[in-house]
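See structure below.
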Amino acid sequence: MFACIHAPQLPPDLSLAEFAYGFSPIVEEAAGRTVVIDAEGCELLFGSAYQLATDLSRLAKEPTTNGGLESAVNIALAANPDAAIHAATRLKGITFISAGEELTCLGALPVEALEFSLVNVEKKLADEIFETLRLWGIRTFQDFASLPVAGVSERLGQEGVRLQQLAAGKTERHLKVKQPAPVFANSIDLDHALHELEPLSFIFARLLNQLCATLNAYALSTNDLTLQMQLTDQTSYDRTLSLPFPMRDHKVFLKLLLLEMEKHPPQAAVKAVSLTCDPVKPRVVQHGLFVPLAPSPDKLELTLARLAKLVGEQNVGSPVLLDTHRPDAFNLKRFVLDGKHSKREFQNSNSVLGFRMFRPPLRAVVQVDHGLPAQISAWNKQRSVYGKVVNVAGPWRTTGDWWRKDSWARDEWDVAVETGKPGSEQQSVYRIYRELSSGAWFVEGNYD
């Protein structure tokens, strides 16, 4: 059984759908201030279907403070939602249509009153069919429904057949329920303030399960999770997890939140918790058949979070060169996946000469001949560099930050050093430099 509510004069600031949701969770919003509700099972709360219609009509006249609409409405009950719509929009008061008796109630309505959009017929085509029916002398729903179906199909097509079924009240369809907008946020007010992290983890797990279930229902992920907690000292604790890879695994989120709170604990007990996220489309990765698999993003993120807890956030990330001439000047920033470049672009990029820096640089003994390095000898526990210099480029003098205690001034060379036994010599290219202040020599690294 379906109940259709039509409000001819509804104030613009009131919602007929919200009024209908007070009686049934299944509501379809039709055109022209009309809604249809599924009244199946409502008799357990409101008694008979006619009693439901009476309650709807009475409550609609109530003021808005009592949940009403402050206006009279037309209500129709029928086994067919389309028949209920026609009865509520064309007949006043309460109308009850038994199954199979649709034409008894609606047969006298003019054919032009058919809501053709209910059966997906365009207005232009519907007008042409109505004009044809007028020329045939068909004026009412009853006249149209009495025509032979085969003749209607041959002359008016399948659109005409659907309109005939609509006139006879024999259409079969489900209600087009309006889905509420998804909400990617959950919150909870605690009965008792929590001081420790372990009981808070159960609250986080509950909220994250709901949040990830919503993301999964809409085939979405998130790379931005925000935690907000109200504390007993009337302050707010806010933390945001910015992930380089979209995910929706509640277990990973829980571990990341706990690690974040261990690094930055709140200053007072927690009395309310709220979790929100920004939904994004999940990133699909296709792995190569002959390329070794990289670590999964969730495990990598957990590993980075644990490392940041141990060594500090400022010491974990991707190196970024600073805009300065200072040697080996860089900062670490949080790794963010850049999707601008495709795999083909990386494959076609020009090869460059790599430079491997020694940390710390090797202190060296350099023999100079006519102002140029001629022999090098340097070593530490990990590596050693020694041999004859067979080719040299430089020097390049760099200085800077003279006003600071860590100013630098040095001469740099790129040298090719011949190493190995006679007959099996090899050449390696190194960057060496001499500090102007102390005159000490160092090997900074080698070129690959």
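What follows is calculated from the coordinates using simple rules that are stated; it is not laboratory data. Keep in mind that this is a model prediction, so the values were computed, not measured. For neighbour counting, all protein chains shown are included, and Cβ atoms are generated from backbone atoms with ideal geometry for every residue, glycine included.
Remarks
- Report note on the peptides 7-13, 215-221, 112-118: ranked by the mean count of other C-beta atoms within 10 Å, highest first, their order is 112-118, 215-221, 7-13.
- Calculated translational diffusion coefficient of the chain (10 °C, 1.306 mPa s; Stokes-Einstein with Kirkwood radius over alpha-carbon pairs) equals 52 µm²/s.
- In nm, spacing of pseudo-spin labels at LEU332 and ALA219 (7 Å Cα→C-beta vector): 3.9
- FRET efficiency, PHE355 to VAL161 (Cβ-Cβ, R0 60 Å, nearest 0.05): 0.20
- Mean Cα-pair separation over length for the chain, i.e. relative contact order, pairs under 8 Å, 6 or more apart, %: 8
- Cβ-derived FRET efficiency at R0 22 Å, ASP411 paired with VAL365, nearest 0.05: 0.85
- Using 0.36 nm per residue and subtracting the Cα-Cα separation, the extra length available between ASN315 and GLU101 on full extension is 69.2 nm.
- DSSP assigns beta bridges within the chain; of those with both partners inside it, close to 95 percent run antiparallel.
- Among 395-406, 225-236, sorting by the average number of other beta carbon atoms lying within 10 angstrom of each residue, highest first, gives 225-236, 395-406.
- Computed E for LYS388/THR235 - FRET, C-beta separation, R0 56 angstrom, nearest 0.05: 0.25
- Taking the C-alpha atoms only, the angle from helix 297-311 to the longest principal axis of the chain is near 50 degrees.
- Likely footprinting exposure, LYS281, LYS92, fewest C-beta neighbours within 10 Å first: LYS281, LYS92
- Against the chain, whose longest principal axis is taken from its Cα atoms, helix 123-136 shows a tilt of about 20°.
- Simple spin-label estimate for ALA272 and ARG206 gives 1.6 nm between the two label positions (7 Å along the Cα-to-Cβ direction from each Cα).
- Modelled spin-label separation between LYS61 and VAL429, with each label point placed 7 Å from Cα along the Cα-to-Cβ direction: 9.5 nm.
- C-alpha long axis of helix 149-168 to longest principal axis of the chain, angle in °: 90
- Multiplying the residue separation of GLU112 and GLN9 by 0.36 nm and subtracting their alpha-carbon distance yields 34.8 nm.
- Exposure proxy order (Cβ contacts within 10 Å, fewest to most) of TYR50, TYR433: TYR50, TYR433
- Comparing the stretch 355-447 with the 2.2 N^0.38 Å rule of thumb, its C-alpha radius of gyration ratio is 1.11 (two decimals).
- Residues CYS42, CYS277, ranked from the fewest to the most other C-beta atoms within 10 Å, line up as CYS42, CYS277.
- Cα-based equivalent ellipsoid of the stretch 2-168: semi-axis lengths in Å, sorted from largest, via gyration tensor: 32, 16, 13
- Treating each Cα of the stretch 181-322 as an identical point scatterer and summing with the Debye formula, the log10 of I(q)/I(0) at q = 0.18 Å⁻¹ comes to -1.10.
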